[in-house]
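Following: one structure in structure tokens, then a few remarks.
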Amino acid sequence: MVMGPTHAMSGAALWLAGSAVASVAFGVDQSSAELVVGTIAVSGAALYPDIDCAGKVTENKGGSTVARSFGVVSLFVAECVERLCYWFYLLTKSKKDKKRKNGHRTFTHTALHAALVGTGVGFLAASFGKPAVIAVLFILTGLAVRGLLPASVNRMGWVITTAVALAASYGMYHLLPEHRSYWILGLAMGIGCFIHILGDMITKMGSPLFFPIPIKKRRWADLGLPNSIALRAGGKGENRILLPILTFIVVLGMFYNLPEVQELIFDQPVTESENVDADTSR
């Protein structure tokens, strides 16, 4: 069973909630475009670690939500990543680590990987500007669409995912300002990966969060909740409790971050131009 919608929704919920806290507590304001882009980026990044779960490339089926996002291309990438992760696991495992048949939930499901990929994306975005940002956002938008709208995308296939990602990337290219340091995209990537790991840790399988730090002489110790209270991926606990809660948080966060709503709450006008001015002054 897959947790694609839950992972994507948890990423969106965390970014919107964090943006609200940052605005109130630290005065960090975002324009509407930046808020939307950040939410999409974290939603997509919250699916990305499952790139290590491949399907049958030659038959274009199977695999994780991420692996199916861009058709045979993403299935092929997932196949390569899974094999690399499996070989890396075999090279680094201790005598106490369990036997595995594939590389799913290994290196891409560690805090070390989240830090590395977040730093790498941030460096690319800061060094190469909007072209690198748009390339990353194209991929993350496709993953977010696949995760947040699984029923619609499954009916229409990977073509709609790619088309929406292209259209959104084109729009974001014109909305995002020039001459900015987009290192925050790396932060969004790292946060998304980390929230994915936390999501997997509440399931029965867990994740090797602290690799390579040995725990009970195991480098790849899967950490998570006790089986008695852990959720089953795709089970009733996830679909009937966790996903509705996350959806409510996302809807609440979207309404809270509307300028009109903030004007009602704080009894002072909050305009798009003020947000842009605040961004420019930083």
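The values are calculated or read from the model by the stated rules, or taken from the named source; none is laboratory data. Please read all numbers here as calculations on a predicted model, not as lab measurements. Note: ideal-geometry Cβ built from the backbone for every residue, glycine included; neighbour counts use all protein chains shown.
Of all residues in segment 99-109, those that are within 14 Å of the chain's Cα centre (by Cα) and of a type in the set (Val, Ile, Thr) total 1.
What do you reckon, is ALA20 over 28 Å from TYR170 (Cβ atoms), surrounded by fewer than 22 Cβ atoms within 10 Å (Cβ to Cβ), in contact with a helix residue (DSSP H, G or I) (Cβ under 9 Å, 6 or more places away or on another chain) and at pLDDT below 85? So ALA20 passes the test.
Quick one: would you say LEU143 is assigned to a helix (DSSP H, G or I), farther than 27 Å from ARG219 by Cα and touching a Ser or Thr at 6+ places or on another chain (Cβ under 8 Å)?
On the way: assigned to a helix (DSSP H, G or I): yes; farther than 27 Å from ARG219 by Cα: yes; touching a Ser or Thr at 6+ places or on another chain (Cβ under 8 Å): yes.
It is true that LEU143 is assigned to a helix (DSSP H, G or I), farther than 27 Å from ARG219 by Cα and touching a Ser or Thr at 6+ places or on another chain (Cβ under 8 Å).
Tell me, which residue of segment 71-122 that is of a type in the set (Gly, Ala, Ser) and surrounded by 15 or more Cβ atoms within 10 Å (Cβ to Cβ) is farthest from THR161 (Cα to Cα)?
ALA111
Would you be able to say whether some residue in segment 154-163 is of a type in the set (Lys, Arg), in a helix (DSSP H, G or I) and exposed (fewer than 15 other Cβ atoms within 10 Å of the Cβ)? Taking every residue of segment 154-163 in turn, at least one turns out to be of a type in the set (Lys, Arg), in a helix (DSSP H, G or I) and exposed (fewer than 15 other Cβ atoms within 10 Å of the Cβ). Here VAL77 passes the criteria (1) assigned to a helix (DSSP H, G or I); (2) closer than 18 Å to CYS193 by Cβ; (3) in contact with a helix residue (DSSP H, G or I) (Cβ under 6 Å, 6 or more places away or on another chain); (4) not polar (S, T, N, Q) except the one numbered (3).
Put simply, of ALA67, ALA41 the only residue that is part of a helix (DSSP H, G or I) and small (Gly, Ala, Ser) is ALA41.
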